[in-house]
Amino acid sequence: METICRCGWCNLRNPLYVAYHDREWGVPQHDDGKLFELLVLESFQAGLSWETILNKREAFRAAFGGFIPERVAACGEAETAALLENRDIVRNRRKIAAAVQNAKVFLEIQREWGSFSRYIWHFTDGQVVHETGMASSPLSNRVSADLKKRGMTFVGTTIVYAYLQAIGVIDSHDPGCFLHKGAD
């Protein structure tokens, strides 16, 4: 039986994680809905493992109205209180507030650029960056600084780097992984 080699971080005992690695992580994403979802989830990952967030993804989707930015941006005190009581998600007041604030900024970026995809991909002129073994880079520093300047929170360079990997702007599959492409 042939064994498929994957990135070292992928927990092979977790089918959700294997599916995420094989079908989603590092795949260039241009759908604004998915881009927003991953932005929120990456901000919730801060201080936690991605696997923890991934295992709660469906609960996050339900709690955050399907990650529709307009719904998240409209969250008020009552919705925030309900989220803080929801045991199925990460109940962190600052991260919940960040999701609401970031949704508002996300919508502003969509209005300015026509889509969030156009905005996020402009940093690389639409090209995928191939690099491995990093947690931040000059690219993630630039994107992080711009998002912060626009008013987003929980978007430090390490979170942004992980986000850029998740949405395929940066392809970081390990050498030896069956999905590794390397530099063109």
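The values are calculated or read from the model by the stated rules, or taken from the named source; none is laboratory data. Since the model is a prediction, treat every value here as computed from it, not as a measurement. Because the Cβ atoms are built from the backbone with ideal geometry, glycine has one as well, and the counts that use them run over all protein chains shown. Please note that ligands, DNA and RNA were not included when accessible areas were found on the heavy atoms of the full protein model with its side chains. Shrake-Rupley method; radii C 1.70, N 1.55, O 1.52, S 1.80 Å.
Counting only residues that are open to solvent by 50 Å² or more (accessible area, probe 1.4 Å) and either touching a helix residue (DSSP H, G or I) at 6+ places or on another chain (Cβ under 9 Å) or at pLDDT below 95 (or both), how many does the stretch 6-26 have?
Just the residues of the stretch 6-26 that are open to solvent by 50 Å² or more (accessible area, probe 1.4 Å), to begin with: 6, 8-9, 12-13, 15-16, 23.
Next, only the ones that are either touching a helix residue (DSSP H, G or I) at 6+ places or on another chain (Cβ under 9 Å) or at pLDDT below 95 (or both) stay: 6, 8-9, 12, 16.
Summing the residues that are open to solvent by 50 Å² or more (accessible area, probe 1.4 Å) and either touching a helix residue (DSSP H, G or I) at 6+ places or on another chain (Cβ under 9 Å) or at pLDDT below 95 (or both) in the stretch 6-26 gives 5.
For residues that are among the charged types (D, E, K, R), farther than 17 Å from residue 164 by Cα and assigned to a helix (DSSP H, G or I), tally how many sit in the stretch 7-31.
Keep residues of the stretch 7-31 that are among the charged types (D, E, K, R), which gives 13, 22-24, 31.
Now restrict to residues that are farther than 17 Å from residue 164 by Cα: 13.
Remaining after also requiring assigned to a helix (DSSP H, G or I): none.
The number of residues fulfilling the criteria is 0.
Would you pick out the residues in the stretch 149-164 that are β-branched (Val, Ile, Thr) and farther than 18 Å from residue 34 by Cα?
So in the stretch 149-164, the residues β-branched (Val, Ile, Thr) come out as 153, 155, 157-160.
Matches in the stretch 149-164: 153, 157, 158.
Tell me, which residue of the stretch 75-84 that is of a type in the set (A, V, I, L, M, F, W, C) and part of a helix (DSSP H, G or I) is surrounded by the fewest Cβ atoms within 10 Å (Cβ to Cβ)?
78
Cβ-Cβ distance below 7 Å, separation of 6 or more or different chains: which pairs start in the stretch 53-81 with a residue that is more than 28 Å from residue 21 (Cα to Cα) and touching a residue at least 12 places away in the same chain (Cβ under 8 Å) and end on one that is part of a helix (DSSP H, G or I) and among the charged types (D, E, K, R)?
Correct list of pairs: 73/104.
Of the residues 111, 118, 94, 87, which single one is over 22 Å from residue 9 (Cα atoms), open to solvent by 30 Å² or more (accessible area, probe 1.4 Å) and in contact (Cβ under 8 Å) with a residue 24 or more places away in the chain? Even if it seems obvious, please write down each step before you answer.
Details: 111 fails: in contact (Cβ under 8 Å) with a residue 24 or more places away in the chain; 118 fails: in contact (Cβ under 8 Å) with a residue 24 or more places away in the chain; 87 fails: in contact (Cβ under 8 Å) with a residue 24 or more places away in the chain.
The unique qualifying residue is 94.
Please work out which residue is farthest from the chain's Cα centre (by Cα), limiting yourself to the stretch 45-74 and to residues that are of a type in the set (A, V, I, L, M) and surrounded by fewer than 14 Cβ atoms within 10 Å (Cβ to Cβ).
Filtering the stretch 45-74 for residues that are of a type in the set (A, V, I, L, M) and surrounded by fewer than 14 Cβ atoms within 10 Å (Cβ to Cβ), the one farthest from the chain's Cα centre (by Cα) comes out as 74.
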